[in-house]
Number of protein chains: 2
Amino acid sequence: MKKFVNAPINFVSEMLEGLVLANPDTLKYVPEFNMIQRVDRPANGKVSIIQGSGSGHEPAHVMAVGPGMLDASAPGQVFAAPPVDACYECIKAMNSDKGVLALVNNYQGDRMNWDMAIEMAQAEGINVKQFIIDDDVAVQDSTHTVGRRGVAGNFFVIKACGAAAERGASLDELLALCEKVNGQVRTMGVALTSCTPPIKGKPIFEIGDDEMEVGVGIHGEPGRRRDKIKPADAIVDEIFDAVVRDLPFQSGDRVALMINGLGGTPISELYILYRRAAERCKEAGFTIVRNYVGEYCTSIEMAGASLTLLRLDGELEDLLAAPAEIPIRVF
Amino acid sequence: MKKFVNAPINFVSEMLEGLVLANPDTLKYVPEFNMIQRVDRPANGKVSIIQGSGSGHEPAHVMAVGPGMLDASAPGQVFAAPPVDACYECIKAMNSDKGVLALVNNYQGDRMNWDMAIEMAQAEGINVKQFIIDDDVAVQDSTHTVGRRGVAGNFFVIKACGAAAERGASLDELLALCEKVNGQVRTMGVALTSCTPPIKGKPIFEIGDDEMEVGVGIHGEPGRRRDKIKPADAIVDEIFDAVVRDLPFQSGDRVALMINGLGGTPISELYILYRRAAERCKEAGFTIVRNYVGEYCTSIEMAGASLTLLRLDGELEDLLAAPAEIPIRVF
């Protein structure tokens, strides 16, 4: 296993310890519940935004905690939903007079555990609601889902809600905003390699040296088909078309365009993909108002990428431009 | 070859096209000389800071162009020095009444081409000087170098000079600053896998499934030795000790600590390495004033990481805290 790891069972906890050691003034780690939270979160006066799903997708979601983004994150082990008690304790810790919003990606394990945790918290009188994100257009149902999967488009839901919450939006207003963003965002990904969860110690699927998985899920779930690797432009064309047709996006749209690396793909290749995606946007009559090239929602060390388009309006453009402070920066 | 690429010969130019398509308001691409430059660079009144070396190390150095960092970058093909004419044209394009500073990493190809380009520019009366960066402690001489290699510590030289230049420092003051930063910064890296330059189409070296290369260079040059993969903490201990002993760093030092990914290592693992490095700093009596966890200077898709320590003083702390705007961001 070609990883920097000590005991594989400690992969997530040691990553989180490293994360707070690197961000001592802004992040706090609660090891009993694997929770990362803002140290500066105002107790009341703002809806708390939380998320928790399997680890292995970093920076999602533990590195998306900070002002203007998430207030806390309760990650599970690699590719495993967070346990019910972790979700429940995260809700309780983030309780606010304006309520708590749990952003949940559409995977059966995550949904089951969050459903139960939310029910427990509501029974105690906590005002918590959830929203299910399902932006992946590749397949209708999948190994771990009924319905579509939640993937990198999730970052736009977090960003929009995080910004609106800082400005005082109510829980119901945020739920309406979630509907809007999730309704206008579409993603599809391609894998060139598999990936290895530390505890498993072996790749989660096999793939030939000349093959790619088109429409892959972020846990290596099968996509639309296995194919021979194509030139970068042809790959972009296929996933761009799939994303555009699904909404459908239309000439005149103002969009945010994200090229997301799946963990093992260098940023040089992501810009090669961006080049073609930007050309295609221009040909299609879309104006790219904001772009995002880098790693947002990964599959451990998988070589691969996804393309996300979000249709914008004045409100969303304004929210995406709002300040946010999360641990990931360069200089 | 598991890459997002069209014709391999166009790998670098298409990456640069993507980069400027994603940053149309801030970056300009000059294809004849493969040059990336700031669109807003003031023609005079500020020393211009430039750098050019082989591609494949992204974000170094084309994605380090922007206010407070580089004014322009002239990259070569993957792992190949930029040609003399590209270096020369980059100097000419960035000419300023306060002079031009070329930051050159210590590799024979880079040095030879920059030496010649600088001589040509000086013959035309351009005030250009160079500084050679050599922060890698792993080996004294290497495949591509006489003397030590320039690696991720290079980012601290860029940042300090970029900030000082924005504040009006003279060319001689910047050269003194380079001496200071390069004199106080030390790096060592470890590779778990090889990497594949697109045109070559094959890995640049072979390495066993259970092996690592300790002290690897950023072009896959041999380091100190080949060994079996060790736990993450043991790997950090070895490279931390090598870096600390070399300067040597001493109890009471205030430092910047960088854990740099080599391209294929997920950020989760970089935080596991950071965790141990931060523990070691604490034990050694170093205060970590600033930290950097992410990809700065990579080897295409190599799985691996390097550790850099920079000893700080008031001037450097101030310069590192100065604003900088480069293409790499998340939200």
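The values are calculated or read from the model by the stated rules, or taken from the named source; none is laboratory data. Just so you know, these numbers come straight off a predicted model, no measurement behind them. Counting neighbours? That spans all protein chains shown, and the Cβs are built from the backbone with ideal geometry, glycine included. Quick note on the areas: whole protein, heavy atoms, side chains included, nothing else; ligands and nucleic acids left out. Shrake-Rupley method; radii C 1.70, N 1.55, O 1.52, S 1.80 Å.
Some points to look at:
- In segment A:248-270 there is no residue that is within 22 Å of the chain's Cα centre (by Cα), acidic (D, E) and within 17 Å of A:V137 (Cα to Cα).
- B:I288 being under 30 Å from A:Y271 (Cα atoms) and open to solvent by 20 Å² or more (accessible area, probe 1.4 Å): no
- If the condition is being among the hydrophobic types (A, V, I, L, M, F, W, C), assigned to a helix (DSSP H, G or I) and more than 13 Å from chain A (Cβ to nearest Cβ), then segment B:240-277 contributes B:F240, B:A242, B:V243, B:V244.
- In the condition set (1) outside any helix (DSSP H, G or I); (2) farther than 16 Å from A:A152 by Cβ; (3) at the interface with chain B (Cβ under 10 Å from one of its Cβ atoms); (4) without any contact (Cβ under 8 Å) to a residue 60 or more places away in the chain, A:P323 is compliant with all but (4).
Table: residues versus (1) modelled with pLDDT of 95 or more; (2) over 21 Å from A:V84 (Cβ atoms).
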| position | (1), (2) |
| --- | --- |
| A:M120 | yes, no |
| A:E124 | yes, no |
| A:V128 | yes, no |
| A:F131 | yes, no |
| A:D134 | yes, yes |
| A:V139 | no, yes |
| A:H144 | no, no |
| A:G147 | no, yes |
| A:A163 | yes, yes |
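- If you go through segment B:278-301 and keep only what is facing chain A (nearest Cβ under 9 Å), assigned to a strand (DSSP E or B) and not β-branched (V, I, T), you end up with B:N291, B:Y292, B:G294.
- Just one residue in the set B:A64, B:A93 is of a type in the set (G, A, S), farther than 17 Å from B:N106 by Cα and open to solvent by 10 Å² or more (accessible area, probe 1.4 Å); that residue is B:A93.
- For B:M116, the conditions (1) assigned to a helix (DSSP H, G or I); (2) surrounded by 24 or more Cβ atoms within 10 Å (Cβ to Cβ) all hold with the exception of (2).
- Just one of the listed residues (B:E206, B:E173) is modelled with pLDDT of 95 or more and closer than 28 Å to B:E315 by Cα, and it is B:E173.
- The residues of segment A:132-147 that are surrounded by 19 or more Cβ atoms within 10 Å (Cβ to Cβ) and small (G, A, S), listed by number, are A:A138, A:S142.
- Any hit, segment B:27-42, residues being in contact (Cβ under 8 Å) with a residue 24 or more places away in the chain, among the aromatic types (F, W, Y), at the interface with another protein chain (Cβ under 9 Å from one of its Cβ atoms) and under 29 Å from B:Q108 (Cα atoms): no
- Candidates B:A117, B:A102, B:A93, B:A80, filtered to the one that is closer than 17 Å to B:M15 by Cβ and assigned by TED's automatic domain parsing to the domain that holds B:V151: B:A80
- Candidate set: segment A:149-195, residues that are assigned to a loop (DSSP other than H, G, I, E, B) and in contact with a Lys or Arg (Cβ under 6 Å, 6 or more places away or on another chain); chosen: the one least open to solvent (accessible area, probe 1.4 Å): A:L192
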